[in-house]
1. Taking the stated definitions as given, is residue 137 surrounded by fewer than 20 Cβ atoms within 10 Å (Cβ to Cβ) and β-branched (Val, Ile, Thr)?
2. Between 187, 207, 116, which is of a type in the set (Val, Ile, Thr), under 21 Å from the mean Cα position of the chain (by Cα) and under 30 Å from residue 52 (Cβ atoms)?
3. When the residues of the range 53-73 are narrowed to those that are hydroxyl-bearing (Ser, Thr, Tyr) and under 37 Å from the mean Cα position of the chain (by Cα), which ends up nearest to residue 91 (Cα to Cα)?
4. Within the range 297-336, count every residue that is over 21 Å from residue 189 (Cβ atoms), of a type in the set (Lys, Arg) and either in a helix (DSSP H, G or I) or modelled with pLDDT of 95 or more (or both).
5. So how many residues does the range 386-442 have that are of a type in the set (S, T, N, Q) and assigned to a loop (DSSP other than H, G, I, E, B)?
6. Specify which of the listed residues (240, 223, 189) is in contact with a strand residue (DSSP E or B) (Cβ under 7 Å, 6 or more places away or on another chain), in a strand (DSSP E or B) and buried (at least 20 other Cβ atoms within 10 Å of the Cβ).
7. Hey, among 375, 433, 451, which residue is out of contact with any helix residue (DSSP H, G or I) (no Cβ under 9 Å at 6 or more places or on another chain) and modelled with pLDDT of 95 or more?
8. Yes or no: the range 337-359 includes at least one residue that is out of contact with any Lys or Arg (no Cβ under 8 Å at 6 or more places or on another chain), outside any loop (DSSP other than H, G, I, E, B), among the aromatic types (Phe, Trp, Tyr) and without any contact (Cβ under 8 Å) to a residue 24 or more places away in the chain.
Amino acid sequence: MQYVHKLKTKCLDLEAGKLVALLHEHDAKQLGILPLDRIEIRNPLTGKAVVTVVDTTQTMVRAGEIGIFRDVSASLDGFKDHCDLDIVEVRVVPQPQSVGFIKKKMDGVKLADAEIKAIVADIAVNKLSEIEATAFVSAVYMRGFDLEETVSMTKALVGNGGRMQLKHGPVLDKHSVGGLNGRATMIIVPIVAAAGYYVPKTSSRSITSAAGTADAMEVLASVNLSKADIKRITEEVGAVITWGGAVDLAPADDKIIKIEHPLSLDPEGQVIASVLAKKASVGAEYVVIDLPIGPEVKIKSKERGEEMAKKFVVVGKAVGMKVEAVLTDGRAPSGPAFGPALEARHVLEILEGKAWNNLAEKSCEMAGTMLELVGKCKDGDGYKLAKEILVSGKALAKMKEIIRAQSGGTGITASKDVPAAKLVERICTDQDGEIATINVRSLINIARIAGAPADKLAGVWLHVSAESKVKKGGCLFEIHAENKEKLGLAVKIAKTSPLIELERSIIEKFE
């Protein structure tokens with residue numbers, strides 16, 4: 001028999017984003033527990049119970065009380081409105097078995113399929129404390145996953161969230177490992193949907209870039225779609241471009257990503273599992289992965305890109321998807337725009353036939369690869385077909401359908417209607433020459449200093465490309481901002497940083 005402590009509940013009108021309860025230090029001693037230990041809180045009237053992590057206090061609750069956060073009260077039947085009047089039964093819960101598996105990984109021991117499933121299941125239902133979950137992410141970062149562990153992790157993430165089943169098919173999807181500007185997704189998706197396929201594209205917001213796909217799409221339409229909305233719109237229109245964080249398609253993965261972000265941890269095996277789990281969760285059958293290679297993006301070398309590409313293909317097959325991974329050039333900017341509104345406007349310009357550059361080329365190449373993968377055309381003919389769909393205006397028409405469906409008909413469907421920033425500063429060259437290098441990462445940083453992506457209209461617009469010639473006084477790029485102080489700081493840094501370099505006749509001097 002286990003000791004059960006009866007406590008009066010006290011509602012705390014706070015959301016912790018996890019299951020936490022507050023005990024007075026006296027009651028914690030009675031139960032023999034310390035902060036971050038676990039307790040089960042049981043509603044004796046309904047039998048409903050929930051496991052939470054404990055924190056202790058001398059002031060926020062009195063002895064004989066237990067502080068119930070909104071996250072916890074919502075999980076206990078009958079406690080949503082008047083939990084101050086209720087008595088609950090509290091008992092100590094032992095440490096989950098998965099904590100032992102995490103320690104194994106920290107020691108460099110390969111985890112079995114069942115062990116990874118247990119860890120993921122406990123993360124999904126908040127059985128692990130933040131410290132324990134962070135220890136797991138750190139262990140994977142330091143020790144890595146082999147191929148079998150990556151497959152197990154992918155299957156565990158998918159199994160924990162389930163798959164969305166569309167009425168129609170085939171279902172296609174794509175993902176870029178990222179690090180560049182441009183928003184090719186917003187061109188690729190309408191091309192593929194216009195070819196008759198279904199693309200329930202869930203995208204991310206920016207973490208370190210000037211805009212994520214969800215940030216740019218949000219300039220044109222709503223991206224906070226429910227799972228039911230994603231399914232309905234995709235079945236009706238053929239595609240969505242929405243924010244994946246608005247729905248629990250792979251809830252354990254979302255929790256892991258939140259842990260990874262503060263330290264920018266991107267363990268390769270976890271990245272592959274995360275990407276493919278998200279694709280599987282929307283029912284994707286055919287997936288193309290874009291792996292940009294370059295000194296300023298996430299994948300620095302062709303060798304590492306090739307290794308990741310092969311793993312994506314193998315793991316995709318293991319979870320029932322046909323995956324093709326392609327290495328792309330990440331050395332140059334993908335189009336001239338950096339920032340949500342600027343990138344959204346430029347996407348529409350390409351769809352409208354007003355612009356053609358390396359972003360348009362890449363979008364057609366990627367869309368063509370997807371069409372070849374699904375068998376719409378022979379290998380080698382995909383680019384031509386994708387370009388025909390783009391040039392014909394069918395992709396633009398499909399994008400307008402998507403925007404209207406996601407925004408209830410109130411979205412922006414023309415490039416001329418995309419709002420512009422109030423403040424613009426031109427950065428010009430002080431000499432004649434030919435552009436040698438353009439530092440993509442530095443331009444992204446300038447756009448972020450100017451306010452992007454939080455300020456949707458802020459960003460950078462390039463006026464030059466590699467190998468183009470410039471005259472003294474010619475404009476290299478514009479900085480757009482909504483805030484005068486942010487603009488001033490961005491301009492100051494832009495004028496003192498080597499963002500764009502010209503060719504030099506003298507390479508090196510010897511004395």
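1. Here the answer is no, as residue 137 does not meet what is asked.
2. Details: 187 fails: under 30 Å from residue 52 (Cβ atoms); 116 fails: under 21 Å from the mean Cα position of the chain (by Cα).
Among 187, 207, 116, only 207 is of a type in the set (Val, Ile, Thr), under 21 Å from the mean Cα position of the chain (by Cα) and under 30 Å from residue 52 (Cβ atoms).
3. Within the range 53-73, the match that is nearest to residue 91 (Cα to Cα) is 56.
4. The number of residues fulfilling the criteria is 5.
5. Going through the range 386-442 one residue at a time, the tally reaches 5.
6. Numbers: 223 fails: in a strand (DSSP E or B); 189 fails: in a strand (DSSP E or B).
Going through 240, 223, 189 in turn, the sole match is 240.
7. The match here is 375.
8. No: the range 337-359 contains no residue that is out of contact with any Lys or Arg (no Cβ under 8 Å at 6 or more places or on another chain), outside any loop (DSSP other than H, G, I, E, B), among the aromatic types (Phe, Trp, Tyr) and without any contact (Cβ under 8 Å) to a residue 24 or more places away in the chain.
The values are calculated or read from the model by the stated rules, or taken from the named source; none is laboratory data. The structure displayed is predicted, hence computed values, not measured ones. Here the Cβ is made from the backbone with ideal geometry for all residues, glycine too, and neighbour counts use every protein chain on show.
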